[in-house]
Every structure is written in structure tokens, then in C-alpha cells.
Amino acid sequence: MNQIWDYTRTSRLYAKVISMMENIYSLTMFGLRFFRYVFLPPYEMGQVRKHMDELGSKSLPLLTAVGLIMGLILALQSRPVLDRFGAGAFLPSMVAITVVRELGPVIAALIVAGRVSSGIGAELGSMKVTEQIDALEVSAVDPYNYLVVTRVLACIIMMPLLTAYVDFLAIFGGFIAESIAGTNSIRLYYSHVFMGLRLSDLIPGVGKTAVFGYIIGIIGAYQGYNTSRGTEGVGKAATTAVVLASLNIIFVDMIIVQLTLMFIGAE
């Protein structure tokens, strides 16, 4: 009996591994199609602008609150520690570098992933189970180009802009904390900020968010595009899209940080 039980468990484990590898392969092929379709006509720029508004600009209220609070908390928590070592004057530069290099891009990407990736998964999933995607194919419209490319391109364009917005608000949130403590004027605060920031901080910090935008868009679209089992599948697609997008953002960020340190250095 024990041998039969071990064989059953091994078979199930093997099936799960094979299923996971198939899903990874399918997602990879789905994502690579984007780089071929994005350069082929027709160019649905009207749809791209529409999705930039729906997926990007409507995230501004949430990102505004997160950006201000993030900078405020970072400054409030760091001030006592820096004062302990006599380095309180470096707080504006520390806040700016921390936010621009790492905290701003990752937090913004995770917030957008929670809102946008789930929205794309649910929207395309609903279209899939109601056979609207099949209707597009019958109408001689390429559903991948019309539904997937436009949304992914909108995410890629919007993420650097949203991240720059969050960075600005987080740095301003740090100034609010400093003004409460009464230690810095706005002119002195921002002079320290600009003295601390370098181009090697700005370019990797904002540039990698285009990769995050691609991850958010393509994973949400993949989950929705491959939805099955009716409304239950739509909910699962939305949930899975958020989880996978968040995990991939953190994993890819780790790789990008290592590459940045390797080629640019931690100046």
C-alpha cells in the first residue's frame, strides 16, 4: 500500500511540474508574440490612447496617496537614525536616492499591477467566455493585435510616467516631514535632493518601469486570453494575474538591480 501511495504522490507531483512548465512555455510564447505584432500594421493608436487613460491616468488618485505617504514615512523613520550618527543633513539625498532608485519604481509597479493587471485579466476573460474574442476573429480582426498589443503598449508607456509622478510626490512627502520637524526650508531641501541625485540613479530607476509595464500588461492579457470555465474562470484569471505580475516584478527587479550594479556601479 505504501508503494502505491508513493507512486500516486510521485505521479501527481510529476503532473504538476509538467503543467507548470507548459504554462511557463505558453506564457513565454504569448509574450514574445508582442514584439512581432507591435511593429506590424494596423496600428491601433486610438485604442492605445484609450487604454492609457483607462489603465494609467485613473490610477493617479491611488498613486498620489501612496507617493506622499511613502516619502513622509521614509523621512520620519530615517530622521532619528541619521541624527544618531550625526548625518541628519543627508536625509533629503537619502530619501531621493532611495525613492528614485528602488522604492518608487517597485511600489508604483505593484500598485498598478494590483489595479491594472487584474482589470485586464477580468476584461479579456469576460470577452473570452462570452465568445467576443471569437467574434473578432470571424470579423477578420486580429484579436491579439487589437486586444493585447494595445493594452501592453499602453502599460509600457504609462509606467515610466506614473513612476516619475510617484517619485516626485514621495520626495515632496519627505519635505513635508522635514517641514514638520522644522529643520529644512524647501529651497535647502531640494538643493540637497538635486545634489544627491545623479543621472545613473534616474535612468535605471525610471527606465526599468517600462519592463514592469510590459510584465503587468502581458500577464494580465495572457490570463484573460486563456480563461475558461465561465465566470469562475474570470475571477481566477484576475486573481492569478495580480499574483504572477507581482512576483515577476520583484524577480525581474532583482535581476535589473544586479545588472545595474554590474555595469553602472553603486556610485
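What the table shows:
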{"quantity": "Spin-label pair Arg198/Glu131, simplified geometry with 7 Å Cα→Cβ offset, distance in nm", "calculated": "6.1 nm"}
{"quantity": "For Cα Rg over 2.2 N^0.38 Å, calculated from these coordinates, the label among (1) 1.21; (2) 1.12; (3) 1.01", "calculated": "(1)"}
{"quantity": "Surface share of carbon and sulfur [accessible, 1.4 angstrom probe, percent] for the chain", "calculated": "69 percent"}
{"quantity": "Cα-based Lys proximity count in the chain, under 24 Å, for pairs eight or more positions apart or on separate chains", "calculated": "7"}
{"quantity": "Acute angle (nearest 10 degrees) that the helix 2-37 long axis makes with the longest principal axis of the chain, alpha-carbon atoms", "calculated": "70 degrees"}
{"quantity": "With DNA, RNA and ligands ignored, accessible area of Lys50 (1.4 Å probe; Å², nearest 10)", "calculated": "100 Å²"}
{"quantity": "Helix 150-181 vs. the chain, principal-axis angle (Cα, 0 to 90°, nearest 10)", "calculated": "30 degrees"}
{"quantity": "The chain, helix-only ellipticity at 222 nm - DSSP H runs n ≥ 4, -39,500 (n - 2.57), divided by all residues, nearest 500", "calculated": "-26500 deg cm²/dmol"}
{"quantity": "Accessible area of Asp253 in the full protein assembly, 1.4 Å probe (Å², nearest 10)", "calculated": "10 Å²"}
{"quantity": "Whole-number accessible area per residue in Å² for the chain, which is evaluated in the context of all protein chains at 1.4 Å", "calculated": "54 Å²"}
{"quantity": "Whether segment 27-136 is rounded, prolate or oblate, judged on the alpha carbon gyration tensor where a/c under 1.5 counts as rounded", "calculated": "prolate"}
{"quantity": "Modelled FRET efficiency - R0 35 Å, Ala89 with Lys236, Cβ distances, 0.05 increments", "calculated": "0.10"}
{"quantity": "Packing rank of 217-226, 162-171, where each peptide gets the mean count of other beta carbons within 10 Å, highest leading", "calculated": "217-226, 162-171"}
{"quantity": "Acute angle (nearest 10 degrees) that the helix 186-196 long axis makes with the longest principal axis of the chain, alpha-carbon atoms", "calculated": "60 degrees"}
{"quantity": "Accessible area, probe 1.4 Å, largest first, for residues Ser11, Ser139", "calculated": "Ser139, Ser11"}
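The values are calculated or read from the model by the stated rules, or taken from the named source; none is laboratory data. What you are looking at is a predicted structure, and each value in this text was computed from that prediction instead of being measured. Virtual Cβ from ideal backbone geometry, glycine too; neighbours counted across all protein chains shown. What goes into the accessible areas is simple: the full protein's heavy atoms, side chains included, and nothing from ligands, DNA or RNA. Shrake-Rupley method; radii C 1.70, N 1.55, O 1.52, S 1.80 Å.
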